[in-house]
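In what follows, a single structure is set out as structure tokens and then discussed.
The values are calculated or read from the model by the stated rules, or taken from the named source; none is laboratory data. Since the structure is predicted, the reported quantities are computational estimates derived from the model, not experimental observations. As a convention, Cβ positions derive from the backbone with ideal geometry for all residues, glycine included, and neighbour counts pool all protein chains shown. For accessibility, only protein heavy atoms count, side chains too; no ligands or nucleic acids. Shrake-Rupley method; radii C 1.70, N 1.55, O 1.52, S 1.80 Å.
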Amino acid sequence: MPLTLITLLRSSVYAFPLAALAALAMLVISEASYRDASNAIGSLGERGQARIELQTLRVALYQAESAQRGFLLTDRPEYLVSYRASLPVAQAAIAALSDAYRDDPDSAELVKRLASVTDAKFSELAETIQYHDEGKADLWRELVLSNIGKEKMEEARALSDRLLTRENSQILIGRQGVVQTLMLNRIGVAAMTAVSLLALFMYLRRTSELDHRTLEESIRVADERDRLENEVATRTAQLRELAQHLQTIREDERSHLARELHDELGALLTAAKLDAARLKSRLGAAAPEVLTRLAHLNDTLNSGIALKRRIIEDLRPSSLSNLGLVAALEILLREFASRSDIAVASDLFPVELDPACELTVYRLVQEALTNVAKYAKARKVTVTLAPEGIDQARVAVEDDGVGFDTALPRASTHGLLGMRYRVEAEGGTMKLRSAPGQGTVIEALLPVHGAGEDEPQAAASDSPMAAAA
């Protein structure tokens, strides 16, 4: 059919004049439609901008009144920032509305009245704040409880609603004009549809080949995406294994350092203490000043021994190996409460975890308590350890501190990341819940393992530490 029509047009002497006439008619119709539509759209744009300015003015009034109420109720000066920012916004909106309605006397009169009401409302707000700043509580309360502000707001709302109603009617008229223009243009487009159908056949032939190539490219991209996803998953698993390996090395180094401190430094401090005791016994009461110095030396050595023990406990808690996880956590919480003057509540139940998971739980609680002491400004901390279902154990640290917004980036999040990676390396999951002023909850779920097959390994791995303790 397309080939027959093309052949007929080529053989007719009227083909070219008709085509030229159709093109000229289409050009005239399109140009006329374009001008009408442009004028209508421009008018609609101005109407829409006027609506926006009206809404902006109303929002500025609401915002100013809300900020004034917040300042009066809380005495917090930050509310005044929002209040002061509302005045120039309202003034700009009034100026824009005055410019938009300069050729419409009725609407311009409404804008003048709206500007007068807006000025009166801001004056009332300013007067209330001035009374508050001057300490005249009775006056600003009386002014707030009166209906002056409400009447101004209702009058401003009524005037803006009248302007919005006018704008809606004008927009409806403009839309009708656009519809008529589009209908005229539609007639012209229909005349050119026949010509477009001739080009459609050639277009479909070209797009068929393009679709085939697009399908091939989509398959290639999908294969590449799958390859990259597999590579990302592999790299993620490798990074998790590396993190676990580095953590294991770190704990081994801590254990080695704890043994060295216990064996070497402990022996030196003990020998020094024995020497001091021998000197004291030989000197007797002959030299009081020397005895005083020896007593001070003995106290210093005791402090050094206590510091050595505390460092060893921080490096590798012997209570975890000797007494179990619950007892080790109770000791940790008791020492934290004595150092920080923060009330500590605990709800600890025995759970069956392998030694690595027990150490992970201990380090998680230790790191969480460190963060509480540094940043939380909390008055109370609650630590929970309990079975969760039949195959998991739950550990949680909750404080009533200042909290923070978890959606905002924070510079000091390495400890939290370390907790998360360490828990995930043991096959668990960690959740962090916090909000400004609502405290923080760090919760982890770890898999439970049978205690029978893990106890010999735990005893073998912790025996040097037990000896060091």
Query - Checking LEU408 against (1) under 30 Å from LEU307 (Cβ atoms); (2) modelled with pLDDT under 90, the condition it does not meet - result: (1)
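Answer yes or no as to whether LEU432 is assigned to a helix (DSSP H, G or I), modelled with pLDDT of 50 or more and on the phi < 0 side of the Ramachandran plot. Steps first, please.
On the way: assigned to a helix (DSSP H, G or I): no; modelled with pLDDT of 50 or more: yes; on the phi < 0 side of the Ramachandran plot: yes.
So LEU432 does not fit the description; no.
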Requested in this report: For the stretch 62-77, indicate whether the set of residues that are surrounded by 12 or more Cβ atoms within 10 Å (Cβ to Cβ), modelled with pLDDT under 65 and on the phi < 0 side of the Ramachandran plot is non-empty.
Outcome: no
Report task. Take the stretch 347-400 and flag every residue that is touching a residue at least 60 places away in the same chain (Cβ under 8 Å) and in contact with a Phe, Trp or Tyr (Cβ under 8 Å, 6 or more places away or on another chain). Result -> LEU385, PRO387
Query raised in the report: Consider ASP161 against the criteria (1) open to solvent by 50 Å² or more (accessible area, probe 1.4 Å); (2) of a type outside the set (Gly, Ala, Ser); (3) modelled with pLDDT under 75: it satisfies all of them except one. Which criterion is unmet?
Result: (3)
Report task. Determine whether GLN176 is part of a helix (DSSP H, G or I), at pLDDT below 70 and either exposed (fewer than 12 other Cβ atoms within 10 Å of the Cβ) or among the β-branched types (Val, Ile, Thr) (or both). Result -> yes
Report summary line: A careful count of residues in the stretch 120-156 that are surrounded by 15 or more Cβ atoms within 10 Å (Cβ to Cβ) and farther than 18 Å from LEU80 by Cβ gives 7
Query - Which listed residue, of SER169, SER82, SER98, is assigned to a helix (DSSP H, G or I) and under 14 Å from GLU65 (Cα atoms) - result: SER82
Query raised in the report: Residue check, SER321 against (1) among the polar types (S, T, N, Q); (2) open to solvent by less than 40 Å² (accessible area, probe 1.4 Å); (3) more than 27 Å from ALA237 (Cβ to Cβ); (4) out of contact with any Ser or Thr (no Cβ under 9 Å at 6 or more places or on another chain), all met but one. Which one?
Result: (4)
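Evaluate the stretch 106-114: report whether one residue or more is under 26 Å from ARG69 (Cβ atoms), part of a helix (DSSP H, G or I) and not aromatic (Phe, Trp, Tyr). Even if it seems obvious, please write down each step before you answer.
Kept after step one, since they are under 26 Å from ARG69 (Cβ atoms), are these residues of the stretch 106-114: 113-114.
After this cut, where a residue has to be part of a helix (DSSP H, G or I) as well, the list is 113-114.
Then drop every residue that is not not aromatic (Phe, Trp, Tyr), which leaves 113-114.
Within the stretch 106-114, one or more residues are under 26 Å from ARG69 (Cβ atoms), part of a helix (DSSP H, G or I) and not aromatic (Phe, Trp, Tyr).
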Query - Index of the failed condition, VAL117 passing every other in (1) at pLDDT below 75; (2) aliphatic (A, V, I, L, M); (3) within 21 Å of GLU65 (Cβ to Cβ) - result: (1)
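This table checks each residue for (1) surrounded by 17 or more Cβ atoms within 10 Å (Cβ to Cβ); (2) acidic (Asp, Glu); (3) within 18 Å of LEU320 (Cα to Cα).
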| site | (1), (2), (3) |
| --- | --- |
| SER340 | no, no, no |
| ASP354 | yes, yes, yes |
| TYR362 | yes, no, yes |
| LEU369 | yes, no, yes |
| ALA386 | no, no, yes |
| THR406 | no, no, no |
| LEU416 | yes, no, no |
| MET430 | yes, no, no |
Query raised in the report: Do we find that ASP299 is open to solvent by 30 Å² or more (accessible area, probe 1.4 Å) and among the charged types (D, E, K, R) in this structure?
Result: yes
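Report whether or not LEU204 is more than 30 Å from GLY415 (Cβ to Cβ), open to solvent by less than 100 Å² (accessible area, probe 1.4 Å), at pLDDT 80 or above and not polar (S, T, N, Q). Steps first, please.
Working: more than 30 Å from GLY415 (Cβ to Cβ): yes; open to solvent by less than 100 Å² (accessible area, probe 1.4 Å): yes; at pLDDT 80 or above: no; not polar (S, T, N, Q): yes.
The answer is no for LEU204.
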Requested in this report: Just need a number here: residues in the stretch 372-381 that are within 25 Å of the chain's Cα centre (by Cα) and either closer than 18 Å to ASN322 by Cβ or open to solvent by 40 Å² or more (accessible area, probe 1.4 Å) (or both).
Outcome: 4
Query - Filter pass, TYR362 being within 19 Å of ALA393 (Cα to Cα) and not in a strand (DSSP E or B) - result: yes
